[in-house]
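Each remark here refers to the structure printed beneath this line.
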Amino acid sequence: MEKACRTCKVIISQGDTCPICGVSNLTTKWSGYIIVLNIEKSELAKKLGLKVNGTYALSING
């Protein structure tokens, strides 16, 4: 089951630690997602404050 980091909202499918920010504060209660392929050109990523390419949850529910 995929988990989302409560700190940076990155979605991971394996492990118990966020590869982006290094915390273990993960949840399976998230909804919606955005896939960022080119962080430098993505206007939405800039608005959301994302710094690394990846898949991010739009909402953390729990």
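Please list, in order along the range 9-25, the HN-Hα scalar couplings obtained from phi with the Karplus expression 6.51 cos²θ - 1.76 cosθ + 1.60 (θ = phi - 60°), rounded to whole Hz, x for Gly and Pro.
Going residue by residue, I get 6, 5, 9, 10, 10, 9, x, 10, 10, 5, x, 8, 10, x, 8, 10, 8 Hz, with x marking Gly and Pro.
Using alpha carbons only, what's the Rg to Rh ratio of the chain with Rh from Kirkwood?
0.95
Any idea how many Lys pairs in the chain come in under 20 angstrom at the alpha carbon, given 8 or more places apart or on separate chains?
Close lysine pairs found across the chain: 8.
Output wanted: per-residue J couplings in Hz (rounded whole) for the range 35-40, from phi through Karplus 6.51 cos²θ - 1.76 cosθ + 1.60, θ = phi - 60°, x for Gly and Pro.
9, 9, 9, 9, 4, 5
Only sites in a loop by DSSP and with at most 10 other Cβ atoms within 10 Å count here; which GluC sites (Glu not before Pro) in the range 1-54 make the cut?
Taking the range 1-54 and a limit of 10 other Cβ atoms within 10 Å, the loop GluC sites (Glu not before Pro) found are GLU40.
Subtracting the Cα-Cα distance from 0.36 nm times the residue separation, let me have the gained length for ILE60 to CYS21 in nm, one decimal.
Fully extending the segment from ILE60 to CYS21 adds 12.4 nm.
Which is the longest part of the chain that has none of the trypsin sites (Lys or Arg not before Pro) sitting in a DSSP loop with at most 13 other Cβ atoms within 10 Å?
By the stated rule (loop sites, at most 13 other Cβ atoms within 10 Å), 1-28.
Would you compute, from DSSP H runs of 4+ residues alone, the mean residue ellipticity of the chain at 222 nm, taking -39500 (n - 2.57) per run and dividing by the full residue count, rounded to the nearest 500?
The helix-only estimate for the chain comes to -2000 deg cm²/dmol at 222 nm.
List every residue whose amide H lies under 5 Å from the amide H of TRP30, counting only residues 5 or more places away in sequence or on a different chain, with H placed 1.01 Å from N in the peptide plane.
Placed amide hydrogens put ASN61 under 5 Å from TRP30.
Readers should treat all values here as calculations from the given coordinates under stated rules, not as data from a laboratory. Since the structure is predicted, the reported quantities are computational estimates derived from the model, not experimental observations. So basically every Cβ, Gly included, is an ideal-geometry build from the backbone, and we count neighbours across all protein chains shown.
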